[in-house]
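The values are calculated or read from the model by the stated rules, or taken from the named source; none is laboratory data. In this text the structure is predicted, and so the values were computed from the model without any measurement. Virtual Cβ from ideal backbone geometry, glycine too; neighbours counted across all protein chains shown. Surface areas here come from the heavy atoms of the whole protein model, side chains and all, with no ligands, DNA or RNA. Shrake-Rupley method; radii C 1.70, N 1.55, O 1.52, S 1.80 Å.
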Amino acid sequence: MKKLLTAFVGMILVAQVSAAPLDFWGTEGWVQVDDDEGVARNGFVDPGWGGQDFDAEYLYYRVEGSTLHLGIQAGYDLVDGHVSASGRDYYAGDLALSFGGDFDYALDFGLLTKDYDLDLVDAGSGTGVDAAGLYSGVTWNNDIYFDESAPFAMTEGSLVGGALIGTSADYVASADSYFRTASIDLNVLGLTEGFDLGMHWTMSCGNDVVEGVTSVSVPEPKTLMLFAIGFAGLMMRRKFADA
């Protein structure tokens, strides 16, 4: 069925647009994982068409103590994860993650998810909406128009309790771009040293995709250790002074 529904996904003439990274990515210590090629002639966003509304633009991360912050920028609506175009509805997928292996983790933002055929996609809720959180042992629904943009959205997975600290999203009109960020507690995952981080995101048509892998360093809590050592030394001196 999906290969017959090509009215919008196949070809649509739109103006060329290429959004730059939002300013705060460069001022808060974010590291870019992937830089998409933007919107080309006739709205081509690779591997499909759709213009800015279907442009998957950038992936970012930053580490703050034991917290991993993740970021996505896109022309696609990342606030409610839904775009209507040419009489059809399209939905945002989950953020696929790997920590040195395959994409067997998914960051679900708690949004309604449907595949290209508009079938509900969830990990057992039956509503198309799963609890926002990080899931492990994930299997994927890849019923999207452009198969090469898979993986798309989670169909099975186990919620990793306490891993997701929070997530938020907004729209920046001056850049005609949306962004979403999420924060993960690395201690819950046992990631106390460096690791390879893989990130991948697309929408239900698969018109565009962002994916990248980078090496992440987890800083040692040197300040906390020095404070603890200094405090212990002070207590020892007081103990001997009082003896």
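Before moving on, here are some points about what is shown:
- Relative packing of 128-136, 61-69, 197-205, which averages over residues the other C-beta atoms within 10 Å, highest first: 197-205, 128-136, 61-69
- Cα convex hull volume per residue for segment 88-225 (Å³): 131 Å³
- Taking only alpha carbon atoms, segment 133-192 gives an Rg to Rh ratio of 1.08, where Rh is the Kirkwood radius.
- As a calculated quantity, the FRET efficiency between Val79 and Ser158 at R0 = 30 Å, using C-beta atoms, amounts to about 0.65.
- The label-point distance for Thr214 and Tyr171, in a model that sets each label 7 Å from Cα toward Cβ, rounds to 2.7 nm.
- Ranked by the mean number of other Cβ atoms within 10 Å of their residues, highest first, the peptides 71-77, 44-50, 165-171, 95-101 fall in the order 71-77, 44-50, 95-101, 165-171.
- Residue-level accessible surface for Glu148, protein heavy atoms, 1.4 Å, Å²: 130 Å²
- Nitroxide proxy distance, nm - points 7 Å out along Cα→Cβ at Ser98 and Thr127: 3.3 nm
- If you plug the beta carbon distance of Asp23 and Ser66 into 1/(1 + (r/R0)^6) with R0 = 30 Å, you get a FRET efficiency near 0.65.
- Excluding ligands, DNA and RNA, the accessible surface per residue across segment 40-198 is 37 Å² with a 1.4 Å probe.
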